[in-house]
């Protein structure tokens, strides 16, 4: 969790320099310290999906997010969906962040195409044929 929080903080700095406010309330240092101080015998079961978060932040979470019991994954369905709907994310490649110089639309478009075509062999799940 600390590594994820450091990464989120590092992401916030270049975003702030371009007038974009990133908010990661679940990675707030106070929230993390509280969770990490919770005695092991008082922690929820290992496979419970973010029970402390959903119980303590109900006023901040949309009901659908608070009710979730699983996390999304990058399994084969994700990549098949990307392949089937590639034109939609490609239109976003040349959007607001590209206008701010934060992403290269050509590189991002190429990366999206590569992911949809299963060219990234570092993917954890072999992709089924289209």
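Just so you know, all these numbers are worked out from the coordinates, no wet-lab data involved. Keep in mind the model is a prediction, meaning the values are calculated, not measured. Counting neighbours? That spans all protein chains shown, and the Cβs are built from the backbone with ideal geometry, glycine included.
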Selected from 39, 105, 89 as most flexible by GNM, with the chain as the system and alpha-carbon contacts under 10 Å:
39
Taking neighbour counts of Cβ atoms within 10 Å as a proxy for exposure, in what order, fewest first, do 91, 56 appear?
91, 56
Structure-based [θ]222 nm, the chain - -39500 (n - 2.57) summed over DSSP H runs of at least 4, per residue, nearest 500:
-14000 deg cm²/dmol
Could you tell me what % of all Cα pairs in the range 2-67 have separations over 19 Å?
45 percent
Return 47, 26 ranked ascending by Cβ neighbour count within 10 Å, so the fewest neighbours appear first.
47, 26
Here are several values of semi-axes √(5λ) of the Cα gyration tensor in Å: [x] 32, 22, 14; [y] 23, 18, 11; [z] 30, 14, 9. Which one was derived from the coordinates shown?
[x]
